[in-house]
């Protein structure tokens, strides 16, 4: 098994109900797609911004009781991460996928969430029980971005970005877990300690030479 067996599928940011923070990203020059996706009876929903090979998902709990019941067994505190300013939890998640033709198991213990809305036996795996760090998940091929990429119209973002080329996450944890260290060594995301949570997304290798901030409303920085 090699780190090359996995690649980034999408990045998750926890938001308030109905993602009012979406307007801040749109004001910076990102173009959202569609409306809200309800996650069946899981008690959560999301809205997304799509790029060439990845996407950014804003997620929230629409039913706190259902979200606790469904996500807590996965080691994922939906409410605590949503209320990150109060709890100190990380409001970020990283969802990975296996590279085409690879079948290696994830190198850390995972808990499975059955995708009951899909035919057959389809599971999403979750790892990472450190609240101050981003959680990590593994989506199966049936749910990975390439499986529905053709259904998403090509988005021309006014910000002029196309390809997500770098992810850096600042956490309030004093020491990185083995999972966070692996993410960095695998080139999937850089996880660094800092005074407050911050997600920095780099697009097109920073070809424009500028950066814009969604803070204070959303702890996100865009480099382009």
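Summary table
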| item | result |
| --- | --- |
| Out of 43, 32, sole residue that is surrounded by 17 or more Cβ atoms within 10 Å (Cβ to Cβ), at pLDDT below 95, on the phi > 0 side of the Ramachandran plot and touching a helix residue (DSSP H, G or I) at 6+ places or on another chain (Cβ under 9 Å) | 43 |
| Enumeration of residues in segment 202-224 that are in a loop (DSSP other than H, G, I, E, B) and in contact with a helix residue (DSSP H, G or I) (Cβ under 6 Å, 6 or more places away or on another chain) | 214, 217, 218 |
| Which listed residue, of 67, 115, 150, is in contact with a strand residue (DSSP E or B) (Cβ under 7 Å, 6 or more places away or on another chain) and surrounded by fewer than 20 Cβ atoms within 10 Å (Cβ to Cβ) | 115 |
| Hits in segment 25-34 - residues which are touching a strand residue (DSSP E or B) at 6+ places or on another chain (Cβ under 7 Å) and over 24 Å from residue 216 (Cβ atoms) | 33 |
| Residue in segment 77-96 that is in a strand (DSSP E or B), more than 22 Å from residue 200 (Cα to Cα) and either touching a helix residue (DSSP H, G or I) at 6+ places or on another chain (Cβ under 6 Å) or touching a residue at least 12 places away in the same chain (Cβ under 8 Å) (or both) present | no |
| Subset of segment 108-129 [part of a loop (DSSP other than H, G, I, E, B) and at pLDDT 90 or above] | 108, 109, 110 |
| Qualifying residue in segment 164-183 (condition: over 24 Å from residue 83 (Cβ atoms), part of a loop (DSSP other than H, G, I, E, B) and either touching a residue at least 12 places away in the same chain (Cβ under 8 Å) or out of contact with any helix residue (DSSP H, G or I) (no Cβ under 6 Å at 6 or more places or on another chain) (or both)) | no |
| Sole residue being in a strand (DSSP E or B) and closer than 17 Å to residue 56 by Cβ, chosen from 199, 188, 192 | 199 |
| Any chance residue 27 is within 29 Å of residue 160 (Cα to Cα), surrounded by fewer than 21 Cβ atoms within 10 Å (Cβ to Cβ) and free of Cβ contacts under 8 Å to residues at least 24 places away in the same chain | yes |
| Residue check for residue 94: closer than 26 Å to residue 193 by Cα and surrounded by 21 or more Cβ atoms within 10 Å (Cβ to Cβ) | yes |
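The values are calculated or read from the model by the stated rules, or taken from the named source; none is laboratory data. Being a predicted model, the structure only gives us computed values, none of them experimental. Methodologically, a virtual Cβ is constructed for each residue, glycine included, from the backbone with ideal geometry; neighbour enumeration extends over all protein chains shown.
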